[in-house]
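The values are calculated or read from the model by the stated rules, or taken from the named source; none is laboratory data. Bear in mind that the values here come from a model prediction, so they are computed numbers and not experimental data. Every residue, glycine among them, receives a Cβ derived from its backbone with ideal geometry; neighbour counts consider all protein chains shown.
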Amino acid sequence: MREIGWDQGIRDVRGLLRFAMDLRSHDFAIVHQHFGARAVRKAVTLFSDSQLLVHLHSVPENSAKKTIAIRGANAVIADSRSIAREALECRPLVVYSGVSVPRHINWRRREGARDIVVGAASRLVPIKGLLNLIRATADLCADFKELRLEIAGEGPERSNLQSETRSLGIENRVRFLGWQPSLDHCLPHWDIFALPSLNDGLPIAALEAMASGLPVVGTRVGGIPELVEHGSTGLLAPPDNVRALGAKLRELILDKALRLRMGKAAYERARSDFSAEQMARKIAAIYHDLTAKAVNRCQQRPSILNWQADVE
């Protein structure tokens, strides 16, 4: 793995040159772009003969236009149908992200626990809707003395979220876990996974929660309804609606059997539709197709050596 050091787009001329030189010095069959904008794609088409594969994981968060135009790519992958619909000037192939799914789940892991723990994991930014989750939790705490909320993640909204817990008087019921390199030690201690996003692509943390056997309470935005089957693997609420979010959480808090049934359904869905192996197979098939096109293109193109000989 090599790090080019190009992090400010077209304004970073030195970074662009480093990237161009790397493209020129290596005969890449495929360049798989996960992040970056038009400058990356333009550089690939200008400085190499590589097949360009663009991978869309989300739509722009901080732009008035939520669509993204893709030009010059040989193929485009979108993480969800929702993201694919926002892509212009291309026809993305939908390949759902995958996670490692364990073969066995300890369904009795929280048996005997006196508390109920709702967990959330995301960047602490406004679009993740965590303020609504904290407010819904405050409403529920009055009725459920055993309820706790744990939030894994870091970001600029942390101080605002902590301030909200203090103003609502629930600071002793909410734990901020900070950035976690893995959720493996968090998920076994949670009963419900909450996903209160105002917009989202296909959140990996929710997939990991499903793969660990947790029911998900989410919002009907972006790719979340493609992931969470309402009434089967979890419950969905309209976005930016504290009361509705709280009602869905209440439904699962009150019914342990429902939590277990939905958790088992979530696990089976993760295993059948969102495994890392399934994702890898689909992307490998796309690589194979692009590599074949690259080989065919090279065979049809006269070599530089023959062209020079003809001139002489």
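Considering (1) more than 30 Å from residue 41 (Cβ to Cβ); (2) at pLDDT 95 or above; (3) within 24 Å of the chain's Cα centre (by Cα); (4) of a type in the set (Ser, Thr, Tyr), say which one residue 100 fails and leave the rest.
In the conditions (1) more than 30 Å from residue 41 (Cβ to Cβ); (2) at pLDDT 95 or above; (3) within 24 Å of the chain's Cα centre (by Cα); (4) of a type in the set (Ser, Thr, Tyr), residue 100 misses (2) alone.
All but one of (1) part of a helix (DSSP H, G or I); (2) modelled with pLDDT under 95 hold for residue 107, so report the exception by its number.
For residue 107, the failing item is (1).
Exactly one condition in (1) in contact (Cβ under 8 Å) with a residue 24 or more places away in the chain; (2) aliphatic (A, V, I, L, M); (3) under 20 Å from residue 108 (Cβ atoms) is not met by residue 257; state its number.
Among (1) in contact (Cβ under 8 Å) with a residue 24 or more places away in the chain; (2) aliphatic (A, V, I, L, M); (3) under 20 Å from residue 108 (Cβ atoms), residue 257 violates only (1).
Considering region 110-126 alone, what residues qualify as being modelled with pLDDT under 95 and of a type in the set (A, V, I, L, M, F, W, C)?
113 - this is the single residue of region 110-126 that is modelled with pLDDT under 95 and of a type in the set (A, V, I, L, M, F, W, C).
Return yes or no: is residue 268 in a helix (DSSP H, G or I), within 18 Å of residue 99 (Cβ to Cβ), in contact with a helix residue (DSSP H, G or I) (Cβ under 8 Å, 6 or more places away or on another chain) and among the acidic types (Asp, Glu)? Spell out how you get there, then give the answer.
Numbers: in a helix (DSSP H, G or I): yes; within 18 Å of residue 99 (Cβ to Cβ): yes; in contact with a helix residue (DSSP H, G or I) (Cβ under 8 Å, 6 or more places away or on another chain): no; among the acidic types (Asp, Glu): yes.
No: the conditions fail for residue 268.
Would you kindly identify the strands (runs of 3 or more DSSP E) lying entirely within region 146-245 that contain at least 2 residues that are surrounded by fewer than 21 Cβ atoms within 10 Å (Cβ to Cβ) and without any contact (Cβ under 8 Å) to a residue 60 or more places away in the chain? Quick ask: steps written out before the conclusion?
Numbers: elements: 147-152, 174-178, 192-195, 216-219, 234-237.
Here the list reads 147-152, 174-178.
In region 117-137, which residues are in a helix (DSSP H, G or I) and buried (at least 20 other Cβ atoms within 10 Å of the Cβ)? Before you say what the answer is, go through the steps one by one.
Step one: filter region 117-137 for residues in a helix (DSSP H, G or I), giving 126-128, 130-137.
Within region 117-137, 128, 130, 132, 133, 134, 136, 137 meet the criteria.
Which members of region 2-21 meet the condition of being loosely packed, with under 13 Cβ neighbours inside 10 Å and either on the phi > 0 side of the Ramachandran plot or not in a helix (DSSP H, G or I) (or both)?
Within region 2-21, the subset loosely packed, with under 13 Cβ neighbours inside 10 Å is 2-3, 5, 7-8, 11, 13-14, 21.
2, 3, 5, 7, 8 - these are the residues of region 2-21 that are loosely packed, with under 13 Cβ neighbours inside 10 Å and either on the phi > 0 side of the Ramachandran plot or not in a helix (DSSP H, G or I) (or both).
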